Every structure is written in C-alpha cells, then in structure tokens.
Amino acid sequence: SRQAGASPAITASGAVQKSLSALQVKDAASIRVAATPVINGKASFGNMNFSLENVTAELVWYPIETTGELKLVWQVFMAPKSDEDYWLARIDAATGSFIDKQSLTIKCNWDAENHSAQKHQLHKNQNPGSQLNNTNTLQTAGAGPTVVNTASYRVITQPAESPIHPGGAPALVTDPWTKSPGNATSLGWHYDGTTYYTLTRGNNVYAYEDRAATNAVGQVATSTTAEPALTFNFVPDLAQEPVLRTPVPNQQFNITNLFYWNNLMHDMSYLYGFTETARNFQANNQGRGGTGNDYVLAEAQDGSGTNNANFSTPADGGRGRMQMYLWTAPTPDRDGDVDNGIIAHEYTHGISNRFTGNGSTCLTNAEQMGEGWSDYFGLMITHDWSTAVAGDGFSKPRGIGTYALNQPITGLGIRQYRYCTDMTVNPMTYGNLASVVAPHGVGTIWCTTLWDMTWEIIQLAGINPNIFNPAAGGGHAIALKLVSEGMRLQPCSPGFIDGRNAI
C-alpha cells in the first residue's frame, strides 16, 4: 500500500521508461514517455500507442521476500499489444533499478499432454475472413432504430457443457438476459448506456476472433437483422473446421457462443455478489460504484497458441481479456469457444482475482486456490439443476475439458480425478496438498472440497432448479453464495485455511 509522505527520487515517467526496457517491449527505445502529473501517488500515461490498456505508474511500498525489507517502488502496469501477458513491473523509486515483474495473465493447464499453448501456423487458407476488420464494430445513431429490445442466438445453451454433453445440440435461445432480472441485466447484452450494438458486443463483453494473434479486434458475429430485434442464428457444421465463415458459418457460431457464455457468467456471478462494488467487468457501472470501462475482451480462436486458454485481470477499470484457443488433436480441430466449461473456468479467474484483496495481484502464492474456484464455477453453471437429485454428487462424476481434449464425457479431462463425492472415484483430501503441483493440483483439491461441501448442504437444503434464482434457496445456491462471499472476506495471498475460515 502507499504511504503518505513517500518521496521518490525517480519520476513516474522514468519508471515507465525503465519498465519498457525491462519487459522488452517491442521498439522500446523509440517510445517516448512524456512527463505526467502524479495524483494521489498514481500517474496515468494513456495507451502510448503500444498498450491495450492505459499505462499507469503507482507509488507503493513493496515487500522484498528475500530480505524482509519494504522498498518504495513505482509499480508500472502495461499491456503491450505484441505480448500475450498483461504486466506489472516494479522499479526501485530511489535508484531506478528493476526489481521484478509479475504477469496478470493466468495461463491454464488445459492441454493434458503438452501442458502449454504451443505456437502453430494460422490456418488462413481455411478462413478467408481472417484479416482484421474493424469496419462494422459499432451501430451508431442515425443508421436506423437505436434500440435493441430482443435478440436470439444459436448456441450451446446453458447448462450444457459442450456439443457432446446432454442438451448440447446447437439451439436457438431468445433474450437469455431474462434469466437474471434486475441490476445484473439492466442494460441488456447489447447496450452500454451510450451505444446499441448489433454485433457480439455490449456492456459486459466484446467477443471477436484473433486468428492473426495481434490482440486486435478481428471478425465478429453480426446480427443478420436490424435492431430492435437482433438475430445471431448461425447454423454450424461441427464436422468441419471451426475457423470457417463460409460456406458454413462456424466461426460466427463459435463467437456467438463465446459472447453468450461470457454474458451468462457475468449475470450469474452478479446475482451471487460479483457486482460493481466488487470490481466486476462492465463498461458502464451506472453509478453503482466501482470503476467502469472494463468489459471483457473475449478473443475467440486466438492464433497465439493451441490447446489452452488464459485470462488477464488488471485492476478495476482495466479490461479483462480472455484468450480461447483451438485444440489440434482431432480432425477437424476442436474449439474452446464451444467448450462452455472452459469459458466459465477462464471467466472465474477474473472473478476470484477481483474478489480477493486488492482485486488484481493477490492470487500469486503457491497455495492460492484460483484453479479450484474456476473449476467449481464451471461445474456449477453447467450442472443441470432442473433435473438434479441429491445423489448426483456421488453418482455422476464430472470431468473438466473433455470436449476440447476429444474425450468422452466420462473422461478424466485435465484433472487427475473427476469431481465426485465418492472417494473411490476421487480420493483427494487436504492431506494430499504437500504432494501435488501448484496451481493445478492445489486447485483440484480445493474444488473437490467445495464440491463435497455443496452436496452436503444439498442433503439439508434440497435443490433449487434454477441457479439464476439464488433467492429460491437450495443447497447449491447457498454454497455458491458462501463461496463467493468467502472470496471477498479472505485476505490477500490466501491458503486453504484462510479460504475455509472465510466461508
């Protein structure tokens, strides 16, 4: 935290210049950093034509783990367009020396074989529309009716986890924001308080493809009808490559699905406490607190890797970024943009980071449970509570990421065990913590714990068929409230005991 009266010898602009070099930003030597006023210990430099988000420098006291001392540092935030990561760089405010850097991008271990996102050739021949195109990103006033009051989307509808799961056939759904009436959806899905959009953009998320791996807006999915009634009825052929836009609109369908599920995650988490004051992701906070202008950038079919996904969480007011990749094991490729468990998992990294501590940098310790919360929220929103019975936790084990990994729905997915209260299926306990690898093994134990807790509460409180109606009660709604509120109460750098005590 910042300490009053701290006097740095190095200017904020000098710290930014040092950070450009330390982070090896492309063409760093040619980037000029103008002097900028420091207000309440923080300076903002705009995007400087190289960063996706505004570059900031903030004066903070930073603990040096090796020595135990506190150093006054400039903490510089930047998100280089040429980089997969959002970064914090820390520059000694007395000497100008580089101390360390921290990525705000969580790269998940979805690929069970390769454990990383591997670079690969773009399938440009399969996607004639892959060139960047920003010409139809907005619906502006004067182009017709400036209102959207209804919209239909062909998607893998909630609660289906993927195209191969029960209920996973692509289907048309109309006005899905009505699942969450009230403040969660007061602007709908295509309005940010200023502009109505006729494409996959709104107050909560902007979904588009980034096949060129430039971190810029590529192709979107655009309504085939004019406002006030939008139509995203793209009928896919999942037996063909997901990047195709013609003769089958697979890419448009996948982008639409990514938009739909990001909005569902916004709405569901809002109902359970992830609101404006909890630093949620919205362009317009409508005067309800928090800092706006931080809707999620959802990059479909990102060309910077394969067999993985990631989420970047800057501080409140900085846009979260979700990068979804293709899986190359089967033919045709499979697309994470229609594996709804992956989308929910990645979005939850934003939720858990924003809920905890300072809202951005408090989940970096070895025992932090980010992977566990992400698995848990994914399980919760893709479980069919309308048909669930109290024994499901025991009799219906759940794998994670089975579609993307080309496994049957009974497969293990990316974890060592499926989530299940039957300890012959999943024997993991807190006692296994010392023997697993962080963060994924740690997360598996934490999600196992939360899943067990949820089904125990269900035995007492029953099941509410609609997870989007927490007021109706039910054990799973109670559990999700507890888990969400626990994240808000726990300290920075929490471990299992902190998380348990917060719940």
Item to check | Long-range Cα-Cα pairs in region 139-209 (distance over 20 Å), rounded percent | outcome: 39 percent
Next on the checklist: Under 10 °C and 1.306 mPa s, how fast does the chain diffuse according to Stokes-Einstein, given a Kirkwood radius computed over C-alpha pairs? Answer in µm²/s, whole number.
Outcome noted: 68 µm²/s
Checklist entry - Which is farthest toward the positive dipole end of region 164-242 among Ala221, Leu187, Asn233, measuring Cα position about the Cα centre, with Cβ charges +1 (Lys, Arg) and -1 (Asp, Glu)? => result Leu187
Checklist outcome for this item: Quick shape check on region 224-269: root eigenvalues a ≥ b ≥ c of the Cα gyration tensor, a/c under 1.5 is rounded, otherwise prolate if a/b tops b/c, else oblate, and it reads oblate
Item to check | Ordering of 395-407, 312-324 by packing [mean C-beta count within 10 Å, highest first] | outcome: 312-324, 395-407
Checklist outcome for this item: In order over region 442-459: 3J(HN,Hα) from phi, Karplus 6.51/-1.76/1.60, θ = phi - 60°, whole Hz, x for each Gly or Pro, gives 4, x, 4, 5, 5, 5, 4, 5, 5, 5, 4, 4, 4, 6, 5, 5, 4, 4
Checklist entry - Over region 212-346, what is the percentage of antiparallel beta bridges among all DSSP beta bridges, to the nearest 5? => result 60 percent
Checklist entry - In nm, to one decimal, how far is the Thr214 label point from the Cys492 one, both placed 7 Å along Cα→Cβ? => result 3.8 nm
Next on the checklist: Output wanted: per-residue J couplings in Hz (rounded whole) for region 363-371, from phi through Karplus 6.51 cos²θ - 1.76 cosθ + 1.60, θ = phi - 60°, x for Gly and Pro.
Outcome noted: 10, 10, 6, 4, 9, 5, 10, x, 5
Checklist entry - Given Lys42/Lys179; Lys81/Lys481; Lys107/Lys481; Lys42/Lys481; Lys101/Lys481, which pairs have Cα atoms separated by over 30 Å? => result Lys42/Lys179; Lys81/Lys481; Lys42/Lys481; Lys101/Lys481
Checklist entry - Between Asp210 and residues 5 or more places away or on another chain, which pairs have amide H atoms under 5 Å apart, with H built 1.01 Å from N, and which residues are they? => result Ala300, Asp302, Gly303
Checklist entry - Between Thr364 and Ala472, 0.36 nm times their residue separation minus their Cα-Cα distance comes to what? => result 35.3 nm
Checklist entry - Calculated FRET efficiency, Gln286 and Asn47, Cβ-Cβ r, R0 35 Å, to nearest 0.05? => result 0.90
Next on the checklist: Over the Cα atoms of region 434-479, what radius of gyration and what Dmax do you get, in Å?
Outcome noted: 13.6, 40
Checklist entry - Hey, any idea what % of the chain's accessible area is carbon plus sulfur with a 1.4 Å probe? => result 51 percent
Next on the checklist: Rounded, prolate or oblate, given the Cα gyration tensor of region 162-251, with a/c below 1.5 counting as rounded?
Outcome noted: oblate
Checklist outcome for this item: Once the mean of 1/r over all distinct C-alpha pairs in region 1-112 is inverted, the Kirkwood radius in Å reads 14.5 Å
Checklist entry - Using 1/(1 + (r/R0)^6) with R0 = 45 angstrom and r between the beta carbons of Asn501 and Asp100, what's the FRET efficiency to the nearest 0.05? => result 0.90
Checklist outcome for this item: For region 299-441, shape from the Cα gyration tensor axes a ≥ b ≥ c, cut at a/c of 1.5 then a/b versus b/c, turns out oblate
Checklist entry - Expressed in nm to one decimal, what extension gain is obtained for the pair Ala34 and Ser435 from 0.36 nm per residue of sequence separation less their Cα-Cα distance? => result 139.4 nm
Next on the checklist: If a paramagnetic tag sat 7 Å from the Cα of Glu65 along the Cα-Cβ line, which residues of region 422-442 would have the backbone N under 14 Å from that point?
Outcome noted: 438-439
Item to check | Percentage relative contact order, region 347-386, counting C-alpha pairs under 8 Å, at least six apart | outcome: 40 percent
Checklist outcome for this item: region 384-503: spread of alpha-carbon positions along the three principal axes, whole Å, largest first, is 39, 39, 26
Item to check | HN-Hα J in Hz across region 214-219 - Karplus 6.51, -1.76, 1.60, θ = phi - 60°, x for Gly and Pro | outcome: 9, 6, 10, 6, x, 5
Next on the checklist: So for the chain, averaging the separation of alpha carbon pairs under 8 Å that are six or more residues apart and normalising by length, what relative contact order in percent results?
Outcome noted: 12 percent
Checklist entry - Non-local amide H neighbours of Ile106 (under 5 Å, H modeled in plane, Pro and chain starts lacking H): which ones? => result Phe311, Ser312, Thr313
Checklist outcome for this item: Residue-normalised value, i.e. accessible area per residue, for the chain at 1.4 Å probe, in Å², stands at 38 Å²
Item to check | Of all DSSP beta bridges in the chain, antiparallel share, percent nearest 5 | outcome: 75 percent
Item to check | Eligible aspartates and glutamates near Lys26 by straight Cα distance, threshold 17 Å, same-chain separation 8 or greater | outcome: Glu53, Asp83, Glu84, Asp85
Checklist entry - How do the peptides 89-100, 19-30 rank, highest first, by the average count of neighbouring beta carbon atoms within 10 Å per residue? => result 89-100, 19-30
Checklist outcome for this item: Taking only the alpha-carbon atoms of region 266-373, the convex hull volume per residue, in cubic angstrom, is 110 Å³
Checklist entry - Calculated FRET efficiency, Tyr417 and Leu460, Cβ-Cβ r, R0 25 Å, to nearest 0.05? => result 0.45
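The values are calculated or read from the model by the stated rules, or taken from the named source; none is laboratory data. Here the structure is a predicted model, which is why all the values come from computation and not from measurement. So basically every Cβ, Gly included, is an ideal-geometry build from the backbone, and we count neighbours across all protein chains shown. Areas reflect the complete protein model, heavy atoms only, side chains present, ligands, DNA and RNA absent. Shrake-Rupley method; radii C 1.70, N 1.55, O 1.52, S 1.80 Å.
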